[in-house]
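> The structure that follows is given in the form of structure tokens.
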Amino acid sequence: MTRPRPRLRIGNAFSHTFLVGWALLTTFPLLWAVVSSFKSDDEILSDAWGLPSKLRFSNWVRAWNEAHIGRYFLNSGIVVAGALALTMLIGAMAAYVLARYQMSGLRVVYYAFVGGMVFPVFLALVPLFFVVKNLGLLGTLPGLILVYTAYSLPFTVFFLTAFFRTLPTAVAEAAMVDGCSHWSLFFRIMLPMARPGLISVGIFNFLTQWNQYIFPIVLLQGEGSEKRWVLAQGLTALAVNEGYAGDFGGLFAGMTIAMLPVLLLYVVFQRQVQSGLTAGQLK
């Protein structure tokens, strides 16, 4: 029976120590924000690392109602749901064609999507502002949905193109022999087979769109635009206003409310994310 080499054991110990340290480094700020959301302002300022004397759910109620986090949460949900649905539908269809069909010009289209991943978004803000304005969508949620979709498509197409290439061609050929049309082949066979990849890229797009800040700041302008703010704008305004008023408990409650959908989404789909990220290596 062979024993593990000392270098291998040292490498495993170092990697495990690094991963545990990284997990603590990323988890501790989240837990601290959640605990602070139940504390009073005096407890936060006098004992920042201590536990609250009692659970103050009034901080959450105050943030939801008085700071309008509920309204911003709903706006973010509408924008992200619409943008995510469009991104996944258009991105999956484009990636499927790029991965499974042989036609002239498709390689140019593919590299155009890849080039969109490295294009600095700040260079497009000014022309994007005038394009959305000329379309009559400035300061509206549909305009923000379209911009989010266009922003997320390059990475979605790049990721799903590689994933569709790993799917077996024998299944598609058998379906075509049985009389399946191209549309039925995509929606009824290939799309369900690509579910792990769709979930993985969908979660990444959700995180990006949920935390987006620069696009809402630029595009949600005009009279009464405060009613259409998303969570990133609402939390920024809450941080500024409550910073002067001293309501730090409400501020941490608003931050926790914004974090909950992201955490719940990852907890529910963590297995699908892992399988989706490793599926491309199993071909």
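We did not get these values from a lab; they are worked out from the coordinates using the rules stated. All values derive from a computational prediction rather than experimental measurement. Cβ coordinates were reconstructed from backbone atoms using ideal geometry, including for glycine residues, and neighbour counts include every protein chain displayed.
> Where does each of 79-90, 259-270 land if you order them by average Cβ count within 10 Å, highest first?
Top of the packing list down: 79-90, 259-270.
> Same structure again: Would you mind classifying the chain by shape? Square roots of the alpha carbon gyration tensor eigenvalues, ordered a ≥ b ≥ c; an a/c under 1.5 is rounded, otherwise it is prolate if a/b is larger than b/c and oblate if not.
oblate
> Something else: Quick one: grab the alpha carbon gyration tensor of the stretch 1-152, order the square roots of its eigenvalues as a ≥ b ≥ c, and give me rounded if a/c is under 1.5, else prolate or oblate depending on whether a/b is larger than b/c.
Cα axes put the stretch 1-152 in the oblate bin.
> What is the stretch 19-73 by shape, rounded, prolate or oblate, if you read a ≥ b ≥ c off the alpha carbon gyration tensor as root eigenvalues and call it rounded for a/c under 1.5, prolate for a/b larger than b/c, and oblate otherwise?
The shape class here is oblate.
> While we're looking at this one, here's another question. Spelling out what I want: for every residue of the stretch 186-191, take phi, set θ = phi - 60°, compute 6.51 cos²θ - 1.76 cosθ + 1.60 (Karplus), and round to whole Hz; glycine and proline get x.
6, 6, 9, 10, 6, 5
> Right, next: Test of understanding: what is the full-extension gain from residue 9 to residue 264, defined as 0.36 nm times their sequence separation minus their Cα-Cα distance?
In short, 88.3 nm is gained.
> Tell me, rounded to the nearest percent, the portion of alpha carbon pairs in the stretch 55-99 spaced more than 12 Å apart.
Taking all Cα-Cα pairs of the stretch 55-99, the fraction more than 12 Å apart is 69 percent.
> Taking the dipole about the Cα centre of the stretch 60-279, with the C-beta of Lys and Arg at +1 and of Asp and Glu at -1, give me whichever of 93, 141, 254 is farthest to the positive side.
Sorting the options by dipole projection puts first 93.
> Using a Cα-Cα cut-off of under 15 Å, which aspartates and glutamates could be cross-linked to residue 227, ignoring same-chain neighbours fewer than 8 residues away?
Excluding near neighbours in sequence, the set is 66.
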